[in-house]
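Student: Have a look at the structure that comes next, please.
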Amino acid sequence: MSPISPLLIFFFFNFFLSVHVAFDGDEQQQQQKPSEMPMVKLDVMHRHHPHVQEKLYGERRSLGSTDRFRDIHEHDHNRQRSISTSMKMSKTDRQLPMPSSAPIQLKISSGFDFGTNEYFVQFRVGTPPQKFLLIVDTGSDLTWLKCRYRRCLGNCTAHAHHKSRVEHKVKFDHPFLANHSSSFKLITCGSDFCLGDLQLLFAIPDCQVPSNPCVYDYSYIGGGAATGLFANETVTVGLTNGKEKQLHDTLIGCTELFNAMQLKGVDGILGLGTGAHSFAHRAALDKNGGGFSYCLIDHLSHHSATSYFILGYPPAEPLSVAPVGNMTFINLHLGGPFNSYYGVGLIGISIDGVTLNIPPRVWDIQKGGGTILDSGTSLSMLTAPAFDVFMEAMVQKLKKFQQILADPFAYCFNKTHYSHEMAPKLRFHFEKGVVFEPPPKSYIVKVDDILCLGFTSIPFPDTNIIGNILQQNFLWQFDFFNKKVGFAPSQCI
């Protein structure tokens, strides 16, 4: 399982995404109806948000629509490379390493290996709270921060073995000061947790002194390397009623060495993957229903518009994201060849009621295909055997409009005399006869004064990706226990 690798909203404007976590509070709150209970709220920003731009580059940069799309296209293909590598590695059915006295270096795939960090969150950790800007990664199972921790005061002989691993650690500009937090609790290398579950998060099995910290030490496909300590900490979050709440004993990584330029300007990773120790999974399991939901607004909405990410299943009505229609459910495939991504059983595509002649192997994860929902990818991606058939059919339907060449899109056209009522009707067909029908604005996207098909091609064999533009204006519910994904049209406001 990859610890970090591949949520939410869109990319054109600089706006906030409200993230809500269902929460069991004190006894009085537990007696409240679910609709009356306060929700944990985080503000998540897209990488084009002015605050993120200032943090990353030291200045606020403004990109036009065309430049944004070029940036998005590059980001999407970098992310796809990361997803592809991660999933191919999971298909090799790697075994955990046997205990060894030497540090173990494992090549893993990360959501930022190729500069694919898409969304960011301000996160408060420790007692008293320290504030950080983290990359949101839905393929990551570990939340970690750039960190500074002094193992000893005075005699450090007992810590010499571990100290040698991090003696060359760099001085981060804005690290988490673990010694300043009264709630910081190191996990020891001799604990069952370190020797068991944390091996899946690349803990080093070597433990000469059982009281020493449980350490992770790994390298990334993109060339970076990280070394750090596992710990339990308190995370402070705001509630929708204006109050605050502490989430105690949250698993974090205290990263003391990280040498990849992709994290310059930001402070770490917020893991929202499918693993049992991700922030999303643990909060959902512990608090409310074993799942999460999100609703993605129209990417052309005003920059101040807000979308929702809900851990657990609180009623939609208080959040103003009630679905317009009934919720439809499809199977959710977790783990195995899908690694930490959210696999779905797509089996076909139709245009204006005609099913496209796409080879079945394209949809079969066991034959090199398969499909995932990934809201960290903006444009949707089809492998070449599907993309070529899809484009041929769509171009045939749109040939009455003047074609315009516009890199990096495969097909764009003049919007004169066009309206979305004239668009070919696109449907995605899933197992058991379930159909997903996005609105035309989600697959024919506006780029300045022209319109383009919001799909790109990737080689086969590889995994098809349903990106966040195609998911917009739908409420999506992910049920870990029942392994289902539900969706229904929604205004997401």
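Student: Once the other residues with Cβ under 12 Å from the Cβ of A178 are scored (Lys, Arg +1; Asp, Glu -1), what is the net sum? Numbers along the way, then the final one.
Tutor: Details: positive: K146, R148, R150, R151, K185; negative: E233, E256.
Spelling it out: positives minus negatives among the neighbours equals +3.
Student: Restricting to DSSP loop positions (anything but H, G, I, E, B) with no more than 14 other Cβ atoms inside 10 Å of their own Cβ, which trypsin sites (Lys or Arg not before Pro) remain in the range 370-462?
Tutor: Numbers: sites: K397, K399, K400, K415, K425, R427, K432, K441, K446; in loops: K399, K400, K415, K425.
Of the trypsin sites (Lys or Arg not before Pro), the ones in loops of the range 370-462 whose Cβ has at most 14 other Cβ atoms within 10 Å are K399, K400, K425.
Student: Continuing with this model, one more query. Could you list D364, D217, D448 in order of exposure, starting from the residue whose Cβ has the fewest other Cβ atoms within 10 Å? Let's see the in-between values first.
Tutor: Details: D364 15, D217 19, D448 12.
Going from least to most buried by this count: D448, D364, D217.
Student: So between V209 and E54, what do we pick up on full extension, going 0.36 nm a residue minus the alpha carbon distance? Show your work: numbers first, answer last.
Tutor: Working: separation 155, 0.36 × 155 = 55.80 nm, distance 4.37 nm.
Contour length minus Cα-Cα distance gives 51.4 nm.
Student: Report the extension gain between Y418 and N326 in nm, rounded to one decimal, defined as 0.36 nm multiplied by the number of residues separating them, less their alpha carbon distance. Please list the in-between numbers first.
Tutor: On the way: separation 92, 0.36 × 92 = 33.12 nm, distance 3.08 nm.
That pair, Y418 and N326, stretches by 30.0 nm at full extension.
Student: Given 0.36 nm per residue, what is the gain on full extension from K400 to D448 after removing their alpha carbon distance, in nm? Before the final figure, lay out the partial values.
Tutor: Details: separation 48, 0.36 × 48 = 17.28 nm, distance 2.04 nm.
Full extension of this stretch gives 15.2 nm more.
Student: What order do you get for I450, I469 when you list them from fewest to most C-beta neighbours inside 10 Å? Intermediate values should be presented prior to the final figure.
Tutor: Numbers: I450 21, I469 25.
Going from sparsest to densest Cβ surroundings: I450, I469.
Student: When the Kirkwood radius is taken over all Cα pairs of the range 320-489, what Stokes-Einstein diffusion coefficient follows at 37 °C and 0.692 mPa s, in µm²/s?
Tutor: Details: Rh = 16.6 Å.
Translational D for this selection: 197 µm²/s.
Student: Among L142, L356, L133, which comes first, second and so on when ranked by fewest other beta-carbon atoms within 10 Å?
Tutor: Details: L142 28, L356 15, L133 20.
Listed from fewest to most nearby Cβ atoms, that is L356, L133, L142.
A short reminder: the numbers here are calculations on the coordinates, not readings from a lab. The structure presented is a predicted model; accordingly, all values stated were derived computationally and were not measured. With ideal geometry, Cβ positions are generated from the backbone for all residues, glycine too; neighbour counts draw on all protein chains shown.
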